[in-house]
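Structure record follows, encoded as structure tokens.
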Amino acid sequence: MYLDKLKLDGRVAVVTGGGQGIGAACAQALGEAGAKVIVAELVPERIDPVVSALRQAGVEADGAVLDVTRSADVDRVAAEIASTHGPVEILVNNAGVARSDVRAEDTSDEHWRYHMDVNVDGLFWCCRAFGRQMLARGKGSIVNVGSMSGFIVNKPQPQSFYNASKAAVHHLTRSLAAEWGKRGVRVNAVAPTYIETPLTAFGIKENPEMYATWLEMTPMGRVGQPEEIGTIVAFLSSDAASLMTGAIVLADGGYTCW
């Protein structure tokens, strides 16, 4: 009974930014749980390797080129996926950017807009487009990838633009959950610590002093791995989390305890 609630058999799942890192791990986790996975990715050459790996593992998978910052493009791709694969029941909003280590007073309009365009606007365009499909059927699950940076201010790198964008993701998650809860659509988020992906290479691989600070401030004394977020996303997507909506699940190695 309980393990069956974790199964996603027959459900169509879309993962934005699914071509690498956390997104690829989420695609794998959802696929192993039985979902048909659509890897939605801005960079076309990242799609085939992930889709091929999924298919080799026995997962029904396909890819779609998607620029989340273009609302019309999001609407078009959402319609195409529904037409080809059926209505989407699971959406993982993983696409995100972080060009950190820029002080607030040195943040250009373009730098600020870049983070908001992807992390906030793009996430909303996807919630809106795929959410319409879910609302029409009276069921669905959206999982947004936020960050512990939506709760705390990171040290030592300055990144007010990124922190603000992820705080917005968290509150948008709660707002949509409240609005859509009675209509059968759950909206939750996961808030990771530093995860070993291309996005955090600037600290993990390129700045030993910064990396040492990250570890010092984390009770577990390590960064996370993509699969550790993928498992949480699969859980939140499933009926095992049927009472959860508007939740922001911290997966931070204890970072916010101090």
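Charge dipole of the chain (Cα centre as origin; +1 on each Lys and Arg Cβ, -1 on each Asp and Glu Cβ, all else neutral): 900 debye, rounded to the nearest 20. Fully extending the segment from Val65 to His111 would add 14.2 nm, taking 0.36 nm per residue of separation and subtracting the current Cα-Cα distance.
Using only Cα atoms and rounding to the nearest 10 degrees, what angle (0 to 90) does helix 160-180 make with the longest principal axis of the chain? Around 30 degrees separate the two axes. Angle check, please: helix 21-32 long axis (alpha carbons) against the longest principal axis of the chain (alpha carbons), in degrees 0 to 90, nearest 10. Its long axis makes an angle of about 30 degrees. Put in order of Cβ neighbour count within 10 Å, fewest first, the listed residues Cys26, Cys126 become Cys126, Cys26.
Take the residue pairs Lys36/Lys205; Lys5/Lys36; Lys5/Lys166 and return only those whose Cα atoms are more than 26 Å apart. As for pairs spanning more than 26 Å Cα to Cα, those are Lys36/Lys205; Lys5/Lys166. Taking the centroid of alpha carbons for each part, the range 44-71 and the range 130-157 are 20 Å apart. A dipole drawn for the range 3-251 from +1 and -1 charges on Cβ atoms has a positive end, and of Ile152, Phe130, Val74 the residue lying farthest that way is Phe130. Largest first, the extents of the alpha carbon coordinates of the chain on the three principal axes equal 48, 40, 38 Å.
Under the simplified labelling scheme, the Ala167-Ala104 pair shows an inter-label distance of 0.9 nm, with each label point 7 Å from Cα along Cα→Cβ. Panel order for Asp106, Asp117, by other beta carbons found within 10 Å of each beta carbon, from fewest to most: Asp106, Asp117.
A cut-off of 5 Å between modelled amide H atoms, ignoring neighbours fewer than 5 places along the same chain, links Gly140 with Arg186.
Read the figures in this text as sums done on the coordinates, not as results from a lab. Predicted model only: the values in this text are computed from it and were never measured. Methodologically, a virtual Cβ is constructed for each residue, glycine included, from the backbone with ideal geometry; neighbour enumeration extends over all protein chains shown.
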